[in-house]
Amino acid sequence: MVKPMKKSPVEAVRDFFDAFHAQDSIALDQSMADNLMLFSYIKSRSKGNSMEKASKSDFMNSILNIPENMTFKETLIEISHTTFEDIATVHTTYEFHVNGQFSHSGVNVFTMVYYNDKWLITGITDTRNMLY
């Protein structure tokens, strides 16, 4: 039996975003480590700067509880990655739109490990540059 080609970390991040936009809980769950943590640095003119921390289950719940009448799209602008053996980081700049309107932009940093024949996201840190 021929083993499938190893995906790149960038392909794994693109798959994560496909699942994110489809609100596919199974694919999202399988793309992330169980003990994944997310950190967000939010820069807001009116509210000041803040840091938020979320667990994998917090993140999953927030995605799955988006109302059906709301559309959202995170467009990746630039993507780069660094890989050493079975560890990788993927950096992306992005723009986020809600119901077709620009919401914010920022940078994502994904830390990843190649585990059980796939790239698994172990951590996500992002910045959110809010307009307000």
Task: Checking Tyr132 against (1) outside any strand (DSSP E or B); (2) among the hydroxyl-bearing types (Ser, Thr, Tyr); (3) closer than 18 Å to Ala22 by Cβ, the condition it does not meet - done: (3)
- [ ] Answer with yes or no whether Tyr41 is over 18 Å from Lys7 (Cα atoms), of a type in the set (Phe, Trp, Tyr) and at pLDDT below 95.
- [x] no
TODO: Determine which member of the set Gln101, Gln30 is out of contact with any Ser or Thr (no Cβ under 9 Å at 6 or more places or on another chain), over 30 Å from Lys6 (Cβ atoms), at pLDDT 95 or above and not hydrophobic (A, V, I, L, M, F, W, C).
DONE: Gln101
- [ ] Looking only at the stretch 40-57, count how many residues are among the hydroxyl-bearing types (Ser, Thr, Tyr), more than 10 Å from Asp126 (Cα to Cα) and touching a residue at least 60 places away in the same chain (Cβ under 8 Å).
- [x] 2
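Given the criterion modelled with pLDDT under 95 and either charged (D, E, K, R) or farther than 16 Å from Ala12 by Cβ (or both), identify the matching residue among Glu74, Glu68. Spell out how you get there, then give the answer.
Details: Glu74 fails: modelled with pLDDT under 95.
Exactly one residue qualifies, and that residue is Glu68.
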Task: Close pairs (6 angstrom Cβ cut-off, 6 or more residues apart or separate chains): among the aromatic types (Phe, Trp, Tyr) in the stretch 111-128, part of a strand (DSSP E or B) anywhere - done: Trp119/Met112
Open item on the list: Cβ-Cβ under 6 Å, sequence separation 6+ or interchain: first residue in the stretch 67-85 and over 20 Å from Ala19 (Cα atoms), partner hydroxyl-bearing (Ser, Thr, Tyr). Which pairs?
Closed with: Thr82/Thr89
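The values are calculated or read from the model by the stated rules, or taken from the named source; none is laboratory data. For clarity, every value in this text was computed on a predicted model and none was experimentally measured. Don't worry about glycine lacking a Cβ; one is built from the backbone with ideal geometry, like all the others, and counts go over all protein chains shown.
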